[in-house]
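A short write-up of the structure that comes next.
Derivation of every value follows stated rules applied to the coordinates shown; laboratory data play no part. Please read all numbers here as calculations on a predicted model, not as lab measurements. Cβ atoms come from the backbone with ideal geometry, glycine included; neighbour counts cover every protein chain shown.
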Amino acid sequence: MTTATITTGQATGFVRLAHGTDWLTVCDRALLIPGRGVAVLLPDGDQAAVFMDRAGQVYAIGNRDPFTGAYVLSRGLLGSAGGRPFVASPLLKQRFDLATGVCLDDEGAAVPVFTVRTD
């Protein structure tokens, strides 16, 4: 059995989300893999989905898919449409803008967006 170390080449530091009146440290930035998401359990029991795109920009949205009620958006596929980054739900494939949370396929639906700070 062999093991490998994954190096992202991204800046080190921590990823913090605005939560209530505080900043919540959720992970070490070096642990994020570009193009992949991670789920974060928040102190109030809610969940966030944190993503880093291939350019190194970090985003955080609510992890709950409003169409199915499942907490799965962190497992979605990243892409872009018209220069806007999105995640496609792994279940029904609706696309959610990572900057605004608005569903690109049904503007009546949206997910929460968290302000992100990396330092």
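Taking neighbour counts of Cβ atoms within 10 Å as a proxy for exposure, in what order, fewest first, do Ile61, Ile33 appear? Display every interim value, and only then the final one.
Values: Ile61 27, Ile33 13.
The fewest-first ordering by Cβ neighbours comes to Ile33, Ile61.
Where in the chain lies the longest segment free of trypsin sites (Lys or Arg not before Pro) that are both loop residues by DSSP (not H, G, I, E, B) and have at most 11 other Cβ atoms within 10 Å?
1-53
Through the Karplus equation 6.51 cos²θ - 1.76 cosθ + 1.60, θ set to phi - 60°, convert the phi angles of the range 80-87 into ³J(HN,Hα) values in whole Hz; use x for Gly and Pro.
8, 9, x, x, 9, x, 9, 10
Tally Lys and Arg at +1 and Asp and Glu at -1 over the other residues with C-beta under 15 Å from the C-beta of Asp22: what net charge comes out?
-1
Mind putting a number on the dipole of the range 14-118 about its Cα centre? Charges go on the C-beta only, +1 for Lys and Arg and -1 for Asp and Glu, and I need it in Debye to the nearest 20. Let's see the in-between values first.
Values: 10 positive and 10 negative charges, 76 e Å.
My answer is approximately 360 debye.
Tell me the net charge near Pro34. Cut-off is 13 Å between Cβ atoms, Pro34 excluded, with +1 for each Lys or Arg and -1 for each Asp or Glu.
After counting each charged neighbour, the total is +2.
Obtain the nm distance between the two label points defined at Asp46 and Leu92 by a simple spin-label model: each point lies 7 Å from its Cα along the Cα-to-C-beta direction.
In this crude spin-label approximation the distance works out to 2.1 nm.
Give the order of Asp97, Asp28 when sorted by the count of other beta carbons within 10 angstrom, beginning with the fewest. Please report the intermediate quantities before stating the final value.
Numbers: Asp97 21, Asp28 11.
The fewest-first ordering by Cβ neighbours comes to Asp28, Asp97.
Would you grab the residues whose amide H sits under 5 Å from the one on Leu77? Only those 5+ places off in sequence or on another chain, please, with H modelled 1.01 Å from N.
Hits under the 5 Å cutoff: Ala88.
Let me check I've understood the local charge: for Arg84, count other residues with C-beta under 15 angstrom from its C-beta, Lys and Arg +1, Asp and Glu -1. What total comes out?
-2
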